Number of protein chains: 2
Amino acid sequence: MSTLPHAPRRAFPRIDGEIHVAGQPLSRLAARVGSTPFYALDRGFLRQHVGGLRARLPAGVQLHYAMKANPMPALVALMAGLVDGIDVASAGELQVALDAGAAPAHISFAGPGKRDAELRQAVAAGVLVNIESEREVPLLAAAAQQLGLPARVAVRVNPPFELKGSGMRMGGGGRPFGVDAERVPALLTEISHLGLGFEGFHLYAGSQNLNAAALVEAQRACFDLALSLAAQAGTPVRSLNVGGGWGVPYFPGEQPLDEAPVIAGLAELAARAQAELPGAALVVELGRYLVAEAGIYVARVLDRKVSRGQVFLVTDGGLHQHLAASGNFGQVFRRNYPLEAAVDRPGLLREPVNVVGPLCTPLDRLGDLVDLPQAQPGDLLVVFQSGAYGASASPQDFLGHPHCVEVLV
Amino acid sequence: MSTLPHAPRRAFPRIDGEIHVAGQPLSRLAARVGSTPFYALDRGFLRQHVGGLRARLPAGVQLHYAMKANPMPALVALMAGLVDGIDVASAGELQVALDAGAAPAHISFAGPGKRDAELRQAVAAGVLVNIESEREVPLLAAAAQQLGLPARVAVRVNPPFELKGSGMRMGGGGRPFGVDAERVPALLTEISHLGLGFEGFHLYAGSQNLNAAALVEAQRACFDLALSLAAQAGTPVRSLNVGGGWGVPYFPGEQPLDEAPVIAGLAELAARAQAELPGAALVVELGRYLVAEAGIYVARVLDRKVSRGQVFLVTDGGLHQHLAASGNFGQVFRRNYPLEAAVDRPGLLREPVNVVGPLCTPLDRLGDLVDLPQAQPGDLLVVFQSGAYGASASPQDFLGHPHCVEVLV
């Protein structure tokens, strides 16, 4: 049992002993959904959390949602109204964003391996393409000519530095993402030569970072780099995406990101932009940070087994629907996501339990030695911090169980 | 670049420089499939490999296919004709097995978290249920009574030992799988009391093991344990599933399993069974070992990028369709699956390359510093040993790319 606690949560309060979602007890929501497992996202919390952040951002800074974090259509439609733009990573995501009502003017498309057809779809849709490779330039020019439409482009730059302490490193050294900073001037010449509509730069130095100072430093470095590149662009920069990487606490002992210094850092950059890049908007692109805390994964206990002194709660949820919580998505050693019983009250008999899924593999594990009230088949368990990289990032077909339901409440 | 080679392969020969599948060049197969990426399974190799193994197994030993390894319907239909039985892990897999023409008499159903409805479906189908928990016994009895059908059962035993050196440990100590050996006698009394049709035992001590001696030892220990439990069953044992766990070489330096001693060990057990458990069939349950080598994953190069001296081949295939090859499925540190260019000839200029997928994450990587002939967009790359835990074990919806095609050739 870990001795460190999970960070306190700001959503899904426990009222009269039961977790509530958007004002209703989880048992009622489960009855409404009609099957377990399911993901639930809290619309009210999203409005408050995302709307609140947007309001706190300095003037001249725009907030984008990277929908790869959670592409659920109803969520994307909600988010389209809460943020300044949607970032998509494939033509499939582009369709969802357009269906959700996002304006093409406020959609950008990044990805290191865009297919020819996807580039053409992006031009036809009128969205901004973040160019990740010299290869994309003539393809976009050809699509623009064929379709009789402008190709709106920004250049994704592979910076010569990385975001320190990130869960995933996206910049520095040789990378498949973006164009090496030192090759950008030649690319800008080519973009201009082929008549593409240059709008700005996109930089992304890392993800899932809880260290405010590292984020501030990376944002500033991205800005400085973009500034030096902008001088060589010939065309004014209208948009400068300095990436995201703002993390959320998943594991015991992790502390929430201290937002204030990051926002203060952005304010400083916005002021500089006004002077040094007049007319340019700064864009912060966040996925996980906007939606992870707003979601839970709910599974039902199928069995309580005692095996050689250890208690196992076997649930209908597991790795196939929540790969990240099982510890199999980019983690070297598995640690527990916050996991609680839907119903918990003082005075209940408690025990340390291992929470596992229904699959025939020891990888299918949602909790190691979690302290829970003694559970019985039929009880609901809740995995918090599950609004990002859940259903869409899991091998739902594995072992042939039904896919889970996702609801926005 | 790893200095150790991958184990030589027995399928997908290179003829005139090009990988062939079932006698045709991969480029022709790719044209027939019509899109990349795709998985291809070699029907002829499967017939030879699975049929050959079945023929080499001693009399009294049956070969089962654990379809969790690859549930592609056409493959399951082929396998149903090549093996003695199909093992399913969910009601979803049961449907595929029945549709594939597998006889219910030769289907068994294991899984630590079977839903009530799944147990009822199994009784209605007439398949053997491997009981993993005391909880399942009254549910099966009720289903049998309601449906007016017998409930065929075996007991999955959690042995007090484990298969040494396994990729995954499935027995020994407290586990969610099966019933602790020491509690089986009481369970047998309950099974008899409730009138279920007891047929035998199922033991499974580990998986993905390349050490023949460890497998022989585990098989013998499983047999001895089952023998001691059988003495307390009251009903003759008709089937004794001693599990599988036979591994395949994935990574540089790994050697193929030496089958001969494992088969010799089974022959010894079959002889003992004839004397000590008359009428009982020994069952070997294999998934990966039967199909992994028979499959390839084919992706197309979208881009060749040079970033700060490193070459990246960006392909349309990746983590979302082949999670295991990306190193994110139960591996602590990623190592390369065997990966080659579809076309390779002596004299071609070669270079070390990183092969990555189209996703915006550094986890999306199929090969680190692989020595390949210099590739261009449009070229096909092949990941071998991909017939098991491929499409069905991958998060195909991640980032919204189209699902891959699977073909049996």
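The values are calculated or read from the model by the stated rules, or taken from the named source; none is laboratory data. Just so it is clear, the structure is predicted and the values come from calculations on it, not from any experiment. As a convention, Cβ positions derive from the backbone with ideal geometry for all residues, glycine included, and neighbour counts pool all protein chains shown. The area values use the complete protein model at the heavy-atom level, side chains included, leaving out ligands, DNA and RNA. Shrake-Rupley method; radii C 1.70, N 1.55, O 1.52, S 1.80 Å.
Looking across segment B:292-324 at every residue that is touching a Lys or Arg at 6+ places or on another chain (Cβ under 7 Å) and assigned to a strand (DSSP E or B), the one that is farthest from residue B:393 (Cα to Cα) is identified as B:307. The number of residues in segment B:66-88 that are outside any helix (DSSP H, G or I), crowded, with 21+ Cβ neighbours inside 10 Å and either within 14 Å of chain A (Cβ to nearest Cβ) or in contact with a Gly (Cβ under 7 Å, 6 or more places away or on another chain) (or both) comes to 7. Is there a residue in segment A:226-234 that is surrounded by 21 or more Cβ atoms within 10 Å (Cβ to Cβ) and farther than 14 Å from residue A:185 by Cα? Looking for residues that are surrounded by 21 or more Cβ atoms within 10 Å (Cβ to Cβ) and farther than 14 Å from residue A:185 by Cα, one finds none in segment A:226-234, hence no.
Return a yes/no flag: does segment A:199-215 have any residue that is more than 22 Å from the chain's Cα centre (by Cα) and either open to solvent by less than 50 Å² (accessible area, probe 1.4 Å) or under 17 Å from residue A:258 (Cα atoms) (or both). Within segment A:199-215, one or more residues are more than 22 Å from the chain's Cα centre (by Cα) and either open to solvent by less than 50 Å² (accessible area, probe 1.4 Å) or under 17 Å from residue A:258 (Cα atoms) (or both). Considering only residues in segment A:316-343 that are charged (D, E, K, R) and more than 13 Å from chain B (Cβ to nearest Cβ), the one that is least open to solvent (accessible area, probe 1.4 Å) turns out to be A:340. Against the conditions (1) more than 14 Å from every other protein chain (Cβ to nearest Cβ); (2) aliphatic (A, V, I, L, M); (3) open to solvent by less than 10 Å² (accessible area, probe 1.4 Å); (4) more than 25 Å from residue A:109 (Cα to Cα), residue A:353 satisfies every one except (1). Looking at residue A:251, is it surrounded by fewer than 21 Cβ atoms within 10 Å (Cβ to Cβ) and over 13 Å from residue A:60 (Cβ atoms)? The answer is yes for residue A:251.
Scanning segment B:72-97 for residues that are within 18 Å of residue B:387 (Cα to Cα) and in contact (Cβ under 8 Å) with a residue 60 or more places away in the chain turns up B:72, B:74, B:75, B:78, B:79, B:83, B:87. For the residues A:387, A:367, the requirement of being of a type outside the set (Phe, Trp, Tyr), surrounded by 24 or more Cβ atoms within 10 Å (Cβ to Cβ), touching a strand residue (DSSP E or B) at 6+ places or on another chain (Cβ under 6 Å) and not in a loop (DSSP other than H, G, I, E, B) singles out A:367. Applying the criterion of being open to solvent by 10 Å² or more (accessible area, probe 1.4 Å) and more than 12 Å from chain A (Cβ to nearest Cβ) to the residues of segment B:289-310, the residue that is nearest to residue A:133 (Cα to Cα) is B:293.
One residue alone among B:22, B:11 is over 30 Å from residue B:268 (Cβ atoms) and buried (at least 20 other Cβ atoms within 10 Å of the Cβ), and that residue is B:11. Just one of the listed residues (A:112, A:160) is within 14 Å of chain B (Cβ to nearest Cβ), under 22 Å from the mean Cα position of the chain (by Cα) and within 21 Å of residue B:311 (Cβ to Cβ), namely A:112. Applying a threshold of 9 Å to beta carbon distances and a minimum spacing of six or more residues, or different chains, the list of pairs starting in segment B:279-295 at a residue that is on the phi > 0 side of the Ramachandran plot and ending at one that is basic (Lys, Arg) reads B:279/B:238. Inspection of segment B:14-34 finds no residue satisfying the criterion of being under 23 Å from residue B:210 (Cβ atoms) and either within 15 Å of the chain's Cα centre (by Cα) or in the same structural domain as residue B:354 (by TED's automatic domain parsing) (or both). Here residue B:98 passes the criteria (1) part of a helix (DSSP H, G or I); (2) in the same structural domain as residue B:393 (by TED's automatic domain parsing); (3) open to solvent by 40 Å² or more (accessible area, probe 1.4 Å); (4) not basic (Lys, Arg) except the one numbered (2). When A:408, A:313, A:372, A:359 are checked against the criterion of being touching a helix residue (DSSP H, G or I) at 6+ places or on another chain (Cβ under 6 Å) and either open to solvent by less than 10 Å² (accessible area, probe 1.4 Å) or among the polar types (S, T, N, Q) (or both), a single residue qualifies: A:359.
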